[in-house]
Amino acid sequence: MRALAGVIFGTAVIVGAGPTWAQTYDPKYPVCMEVNDSSGPHIDCWFTSMEQCKNGSTGAGSCFVNPYYKPPPPEPEPVAEIPPQPAAKSNPPATKSKKMKQ
């Protein structure tokens, strides 16, 4: 009985699950195009500007702003390196010299 319940449950899970798709929006590019061609509708995200997308469009798609775009982090400003100061010359402590008796 448990085996039959397991088979029914497993079948329901497999049949009920829809197809899984990878994320269609590439977060590296700010502009995407929705394309409708012979292979069906899909989204291409590899445009760096709306103008580039519109110029690349052959009329089979529409351009839109990528909702998942993450701009790269700003470049850190270069830090001016200050050369180390030369070590101050220190005079050795004065020592009393003893004359040797001969």
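The values are calculated or read from the model by the stated rules, or taken from the named source; none is laboratory data. Predicted, not measured: the structure shown is a model, and the values here were computed from it. When we count neighbours, we look across all protein chains shown, and the Cβ atoms used for this are built from the backbone with ideal geometry, even at glycine.
Taking the residues in the range 29-73 that are of a type in the set (Asp, Glu) and surrounded by 13 or more Cβ atoms within 10 Å (Cβ to Cβ) as candidates, determine which candidate is nearest to the chain's Cα centre (by Cα).
Of the residues in the range 29-73, the ones of a type in the set (Asp, Glu) are 34, 37, 44, 51.
Then keep just the ones that are surrounded by 13 or more Cβ atoms within 10 Å (Cβ to Cβ); that gives 34, 44.
Numbers: Glu34: 23, Asp44: 18 Å.
Looking at the filtered set, the residue picked out is Asp44.
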Name, by its number, the condition in (1) modelled with pLDDT of 90 or more; (2) among the hydrophobic types (A, V, I, L, M, F, W, C); (3) out of contact with any helix residue (DSSP H, G or I) (no Cβ under 6 Å at 6 or more places or on another chain); (4) not in a helix (DSSP H, G or I) that does not hold for Cys53.
(4)
Among Glu81, Glu34, the single one that is part of a loop (DSSP other than H, G, I, E, B) and either modelled with pLDDT of 65 or more or in contact with a strand residue (DSSP E or B) (Cβ under 8 Å, 6 or more places away or on another chain) (or both) is Glu81
